[in-house]
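*Asks:* I'd like to ask you about the structure that follows.
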Amino acid sequence: MKNQLVAEIFYQIAALLEILGEIPFKSRAYRKAAQVIETLDENIENIAKEDKLRSLPGVGEGLAKKIKEIVETGGLEYFEKLKKEIPGSLATLISIPGVGPKKASVLYKTLGISTVQQLKEACEKGKLRDLDGFGEITERNIIRGIKMLEKASGRVLLSLAYEDGNKYLEYLRKMGEIVDVNLAGSLRRMKETIGDLDILASSNSPDEVMDYFVNYSDVKNVLLKGSTKTSVVLDDDIQVDLRVVKPESYGAALQYFTGSKEHNVKLRGIAIRKGLKLSEYGVFEKKTDKYVVGRSEEEVYNALDLPLIEPELRENRGEIEAGRNKRLPRLIGYDDVKGDFHVHSMWSDGSDSIEDIAFFAKKQGFSFLGIADHSQSLKVAFGLSEEKIDEKLKEIEKINEKLSGFRVFSGTECDIRADGSLDYNDKILKQFDIVCAAVHSRFNMNKEEMTKRVLRAMENEHVNILAHPTCRLIGIREPVQLDMEMVIDASRDTGTFLEINAFPDRLDLNDILLRVAKERNANFVIGTDAHSIDHLRYIRFGIATARRGWLEKKDVLNTYSIKEIEKRLHN
Ligand code: DGT
Ligand code: CA
Ligand code: CA
């Protein structure tokens, strides 16, 4: 049967036509015909022989002739001609995650890009973000797509693993034979990137659980299947390991497979010194091998004279000693945050109106929102010109009148110029409730210059927040050269809040810097950097990062009441 061949050629023609920018209905016609032929039960050769091709939906005279040619010769001259019009490498561009035919076409026509290497260079120079239908986020996604293609075994961002993991959990929770199930590994610790996904379940019928596990709809292939461990790969190429243990070992196994390895090694040492043995099956007496505990994690920690240590802290960075001395922080909770300080609206490069965002935020239980659109000189992000600010402020005022028990703070994400001055003058800055300042250009300045630049901005009395302080993009851009100790001390001394930017590829400040900053009494806020309503959910990754940085509720401005926030902003 040549049905698949015909469909394949038609699909490719559709993609090529799109790249060439042909009138859209033309490529659509090919794609539609391809779909019809692909799902046909009948042999296309027979239909051609009986001269009945035109009875197929979407097949007119032109397409019928082409189908006939493919059926008879195995190829199509028109297809060969099209391919010659387009550089062959352009077809590989389409295989990069984040680049479809439409984007490939724009890239080819406007920047002359036809190879992956050219695309990479253009991304690095920031040339894509100004193109129609592109933007900084698209650019980042494309860079990541290229990197994924380059080394297929990379780590993925926490947000992606988190979504996959929770969807999988939901599926597993429906299974009757599973007693308990939870995420484990680096995902449970909410690390910024994840190697593979670990899930732990307890059951007395492990084989049935494994059958159910591999039957999940997003499983692409099964790497290994046993009755204690099974590994699969999902459609998006993320690996998932499931371990199944008996209920009496569930706590010990959850502890073991949550890690980190370094944390576990230290715990095992403690167990040995107490004449105990710690494994994924439980805590045992060393001499007699007698089972002591293992049903819950708390029991396991308690058996080692420790309180339960939160997963986000388990990195062997002093948490075990702190636990022993009863000095563990009471971490900020995922429900403690009452709002978001860094949201973009349609006034700059966001895709939703302030009103829509505010209503949504209120509905999800927030009590405030800081709208921080880009400032004027950031043209790529449609920065807001001075003349339009009044209009925006009035709009916010109206929304605040409409929404009771909710506050929209007017704000800006004001660009810090190379010399440390700000993109709006003081008179304008004064009009906003909140000013975030941020570096968006000249990332390669030396440490001395960059530190001077950032400190000058922090010293401006109108600046409340330093947004994404290090400007790193995970897997894409290294942090800028910045004397972080000086920045942290400036936060303490000027009252400028350091942002924990929750956008999944930023997480900036990161856990390690947060820990240092907390010890030096800096001030913190969480902002999602949302560019759409959908991004508001990223707040969770900001909270997770705060928790990994040992921050408590009282350390983070987002946990306070509106009144208290106003007071602290103007202190
Ligand atoms: P990843 O996947 O690279 O993001 O990091 P993890 O922490 O999820 O590491 P993974 O998937 O290799 O193993 C999951 C957990 O299993 C790990 O956090 C701790 C535990 N584990 C794995 N190998 C060992 C080991 O050799 N010794 C100990 N004590 N624990 C281990
Ligand atoms: Ca893992
Ligand atoms: Ca694993």
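*Asks:* What FRET efficiency, computed as 1/(1 + (r/R0)^6) with R0 = 25 Å and r the Cβ-Cβ distance, is obtained for residue 50 and residue 83, rounded to the nearest 0.05?
*Replies:* It comes out at approximately 0.20.
*Asks:* Stretched out fully, how many nm does the piece from residue 305 to residue 447 gain, at 0.36 nm a residue minus the Cα gap?
*Replies:* Additional length available on full extension: 46.6 nm.
*Asks:* Starting from the Cα of residue 49, draw a straight line to each of the lysines and keep only those under 25 Å, dropping any in the same chain fewer than 8 residues away.
*Replies:* Within reach: 2, 32, 65, 66, 68.
*Asks:* What does the charge count around residue 103 come to, taking other residues whose C-beta lies under 12 Å from its C-beta (Lys +1, Arg +1, Asp -1, Glu -1)?
*Replies:* -1
*Asks:* Do the alpha carbons of any pairs in 147/167; 261/290; 286/326; 26/167 sit beyond 30 Å of each other, and which pairs?
*Replies:* From 147/167; 261/290; 286/326; 26/167, over 30 Å: 26/167.
*Asks:* With every protein chain kept in the model, how would you rank 548, 515 by accessible area, 1.4 Å probe, largest at the top?
*Replies:* Heavy-atom accessible area, descending, gives 515, 548.
*Asks:* What aspartates and glutamates could a cross-link reach from residue 84, if we take a straight Cα to Cα line under 20 Å and drop same-chain neighbours fewer than 8 places away?
*Replies:* Of all the aspartates and glutamates, those that pass the test against residue 84 - Cα under 20 Å, at least 8 places apart if same chain - are 8, 18, 22, 69.
*Asks:* Still on this structure, please answer the following. Within the set of other residues whose C-beta is less than 11 Å from the C-beta of residue 461, count the net charge using Lys and Arg as +1 and Asp and Glu as -1.
*Replies:* That works out to -1.
*Asks:* Largest first and in whole Å, give the semi-axes of the range 250-324's equivalent ellipsoid, each being the square root of 5 times a Cα gyration tensor eigenvalue.
*Replies:* Working from the Cα gyration tensor, I get semi-axes of 18, 13, 10 Å.
*Asks:* Next question. In the range 156-245, what percentage of the DSSP-assigned beta bridges are antiparallel, given to the nearest 5?
*Replies:* Roughly 75 percent of the DSSP beta bridges within the range 156-245 come out antiparallel.
*Asks:* Also, quick follow-up: Just to be sure I understand the model, the point goes 7 Å from the Cα along the line to the Cβ. What's the resulting residue 421 to residue 163 distance in nm?
*Replies:* Going from the residue 421 label point to the residue 163 one covers 4.3 nm.
*Asks:* Quick one: order 209, 233 from most to least accessible surface, probe 1.4 Å.
*Replies:* 233, 209
*Asks:* In square angstrom, rounded to the nearest 10, how much accessible surface does residue 450 have for a 1.4 Å probe?
*Replies:* Using a 1.4 Å probe on the heavy atoms, I get roughly 0 Å².
*Asks:* Considering only the chain, what is the antiparallel percent among its DSSP beta bridges, to the nearest 5?
*Replies:* Here the share of antiparallel DSSP bridges comes out near 45 percent.
*Asks:* Relative to the compact-globule scaling 2.2 N^0.38 Å, provide the ratio for the alpha-carbon radius of gyration of the chain.
*Replies:* 1.15
*Asks:* With every protein chain present, what accessible area does residue 449 have (1.4 Å probe, heavy atoms only), rounded to the nearest 10 Å²?
*Replies:* That residue has around 90 Å² of solvent-accessible surface.
*Asks:* Just read off the accessible area of residue 238 with the full protein assembly in place, 1.4 Å probe, to the nearest 10 Å².
*Replies:* Rounded to the nearest 10, that gives 10 Å².
*Asks:* Still on this structure, I have one more. Given 0.36 nm per residue, what is the gain on full extension from residue 229 to residue 346 after removing their alpha carbon distance, in nm?
*Replies:* Here the answer is 37.3 nm.
*Asks:* Got a sec? What order do 520, 407, 314, 330 fall in by accessible area at 1.4 Å, biggest, i.e. largest, first?
*Replies:* Reading off the accessible areas and sorting them downward yields 330, 520, 407, 314.
*Asks:* Roughly how many whole Å is it from the C-alpha centroid of the range 279-302 to that of the range 150-201?
*Replies:* 25 Å
*Asks:* Also, quick follow-up: What 222 nm value per residue comes from the helices of the chain, counting each DSSP H run with n ≥ 4 as -39,500 (n - 2.57) and dividing by all residues, nearest 500 deg cm²/dmol?
*Replies:* -13000 deg cm²/dmol
*Asks:* Separate question: Please sort by residue number the chymotrypsin sites (Phe, Trp or Tyr not before Pro) in the range 285-341 whose DSSP state is loop and whose Cβ has at most 15 other Cβ atoms within 10 Å.
*Replies:* 334
*Asks:* Would you pull out the residues with amide H under 5 Å of residue 293's amide H, same chain only if 5 or more places away, H placed 1.01 Å from N?
*Replies:* Hits under the 5 Å cutoff: 283.
The values are calculated or read from the model by the stated rules, or taken from the named source; none is laboratory data. No experiment lies behind these values; they were computed from the predicted model shown. In this analysis, Cβ positions are derived from the backbone assuming ideal geometry, glycine residues included, and neighbour counts consider all displayed protein chains. Ligands, DNA and RNA are stripped out before the accessible areas are found, and what is left, the full protein with its side chains, is counted by its heavy atoms. Shrake-Rupley method; radii C 1.70, N 1.55, O 1.52, S 1.80 Å.
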